1. Give me the compactness ratio for the stretch 78-137, meaning the Cα radius of gyration over 2.2 N^0.38 Å.
2. Which value, in Å², gives the accessible area per residue of the stretch 322-405 when a 1.4 Å probe is used on the protein heavy atoms?
3. Can you tell me the dipole magnitude for the chain around its Cα centre, using point charges on the Cβ only (Lys, Arg +1; Asp, Glu -1), in Debye to the nearest 20?
4. How many Å² of accessible area per residue for the stretch 114-183, probe 1.4 Å?
5. Mind jotting down the three principal axis lengths of the stretch 306-353 based on Cα atoms? Whole angstrom, largest first.
6. For the chain, with the dipole built from +1 on Lys and Arg beta-carbon atoms and -1 on Asp and Glu ones, taken about the Cα centre, which of 77, 143, 316 lies farthest toward the positive end?
7. Rounded to two decimals, what is Rg over Rh for the stretch 122-223 when you use alpha-carbon atoms and the Kirkwood radius?
8. Counting just the Cα atoms, what span does the stretch 406-452 cover along each of its three principal axes? Round to the nearest Å and put the largest first.
Amino acid sequence: MKLNVMKNAKRNMMFGLANKLALVLCPFAVRTVMQLVLGAQYLGLNSLFSSILSILSLTELGFGSAVVYHMYRPIAQNDIETVDALLYFYKRVYRGIGILILAAGALWIPFLPYFIHGDYPEEVNLTVLYLIYLINASISYFMYAYKSSLLVAYQREDRNSIANLLITVLLNGSQIAALFAFRNYVLFLLLTPVFTIANNLLIACMVKKMFPQYHCKGTLPACLAQDIRQRVQGAFLSKLCMVSRNAFDSIVASMFLGLTVTAMYNNYYYVMHGVNVMLSVIPASFLGGVGNHVAVKSVEENFIELKKLDFLYMWISGWCTVCFVCLFQPFMQWWMGEEMMLPEPVMILFCLYFYLLSAGDMRSVYSSANGLWWQHRRRSVAEAAANLILNFILGRFFGIYGILTATILTIFVCNFVWGVRIVFKHYFQLFRLKEYYGCHIKYALATCVLCILTYNVCAWLPCGQVIGGLLLRAVVCAVLPNIGYALIYGRTDMFRQVRQMVWRKRL
């Protein structure tokens, strides 16, 4: 069975963007209310515990990604028996992972006070709060999280997005009401596992209705189970580097700078990450279809598709970067006030952080579609180790500047340069590497020029009220960079090919 990649991707993007918008705006409202009702230290605690629990999620070991990869071919061949066996294997592994998360999480409890520099709210019981986070992090593994793999493999993430959208709105609405009514952080947190259970039940019902032919039963062939184990090791290391990139930043900031500064840092990171999450809907929407095309199309055809998708994606991510450069500081002033703002150079580092993260997204889709996690193992270890070491060294001496610089350096060297080389060595072939790097140099230069141009135009605008100046700058950012990109790329063959691809609705 061959999937209609472009049609499915557009549907996934439509519902995915709605879901990600809710995932950004609803917690945004929650953080705003938390700042008003409870204060900055609670925001810092929220960021710290989330970071610790994201490290514990490493026990998932990348099984989800590895199992989805092995579903592409049997789904294309309508091999129901193999998919059933994969689901059963996935279910059993996830139960064990849930137990492992609970056990490993409990070991962190005695060390919680050491992750906080300075004071924290006196009425807070760190152990109770942490246990609520821990239960929420593990509960899905005992329920139906494994069933969502079918939605990814069939490129039907739109269904997952609908469920998450509903649950997110209900959860965050309930949390805001609880904060205003009771001003109680424990009650605020207790609502999270309740809605996590609801989300699992909703996904399970959707999958059963859409794919009634599949059941969790059967045994995997020994060779397939061995292949999954090897790919899982690589996927685990890839996940390790992602955790070191994000979670360790907050932990190091809390250890060296305190909860208030950590809250300020995470307010900026939250905005950047929120846009990155919405942008990630695009590569995620193509993953199932790209996996299908890897199974049924030639390398040359897939390389042509990669260039088209990368061009479209880097236009969008470059535009987002321009918007960050011009709107980040006015937005933070409006949202949290001047006392919670970081210096302008820190904002620029966040913009560079965002752009470099985006630069590797489409390449990662083809890496996952080819199951190349094991081939990335050395790169992942090197990135995680370098990021952690540089975080502690630079963070201790240069504070937030050092933490961000450490992450930016490791993303560029290990994630982008080295990561691209691995995918081309093992799939696209190295002779195409120079062409790919050349394209990204052009994309980066165009974005840099448009950042400088748009920033200077916005600097000439009258400020007036904060919200008025922000809206005026937003109008400029919506129009000027896209006109610039159109002038730069409009006469190229790639622009014409991508325009035809989008309009004919097939890839």
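The values are calculated or read from the model by the stated rules, or taken from the named source; none is laboratory data. Bear in mind the structure is a predicted one, so any value in this text is a computation, not a measurement. For neighbour counting, all protein chains shown are included, and Cβ atoms are generated from backbone atoms with ideal geometry for every residue, glycine included. These accessible areas exclude ligands, DNA and RNA; they are computed on the full protein's heavy atoms, side chains included. Shrake-Rupley method; radii C 1.70, N 1.55, O 1.52, S 1.80 Å.
1. Values: Rg = 18.5 Å, N = 60, 2.2 N^0.38 = 10.4 Å.
Normalised Rg, Cα atoms only: 1.77.
2. Ligands and nucleic acids excluded, the result is 36 Å² per residue.
3. Numbers: 41 positive and 22 negative charges, 379 e Å.
Roughly 1820 debye, rounded to the nearest 20.
4. On the way: 3300 Å² over 70 residues.
Averaged over the residues of the stretch 114-183, the accessible area is 47 Å².
5. So the extents along the principal axes, rounded to whole Å, are 44, 17, 12.
6. 77
7. Working: Rg = 17.2 Å, Rh = 15.7 Å.
When Rh is taken as the Kirkwood radius, the ratio is 1.10.
8. 38, 26, 10
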